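Values quoted throughout were computed directly from the atomic coordinates according to the rules given, and no laboratory measurement underlies them. The structure presented is a predicted model; accordingly, all values stated were derived computationally and were not measured. Glycine also receives a Cβ, built like all others from the backbone with ideal geometry; neighbour counts cover every protein chain displayed.
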Amino acid sequence: MLTCQCDLCGRQMERDESRYEMRVEVRLANKDRALVADDFSADNLGAVSRLLRGLPHGEPAPVEPAGHHAVFDLCPSCCRRWRRNPLGARPAIDPRRG
């Protein structure tokens, strides 16, 4: 029988069992800036060409990835736990102690 494993707790889930697919995307947050006429007149291809010509032969361009995405399978219990605390952060003050 085909199974799937929860990516948080490791529990094996059967094929017909409910599971959740969590998709995460992390993107570089651009500052809110309106486009101006200079943005359209800039020689962007020329700038990229100059950058690439300046690199040592065979080295990749020094580009920071603008984003990352991932897909995870969660069992129902882990999905409920994630919904309550998506970042896994601990509260600064224990709510039971005030």
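Points to keep in mind about this one:
- Each residue of the range 8-15 was assigned a 3J(HN,Hα) from its phi angle through the Karplus expression (A = 6.51, B = -1.76, C = 1.60, θ = phi - 60°), giving 9, 9, x, 5, 6, 10, 6, 4 Hz with x at Gly and Pro.
- Most to least packed among 80-88, 66-74 [average Cβ atoms within 10 Å]: 66-74, 80-88
- Potential lengthening of the chain between Leu28 and Leu87 amounts to 19.5 nm, from the contour at 0.36 nm per residue minus the alpha-carbon distance.
- For Gln5, distant residues with modelled amide H under 5 Å away: Met13
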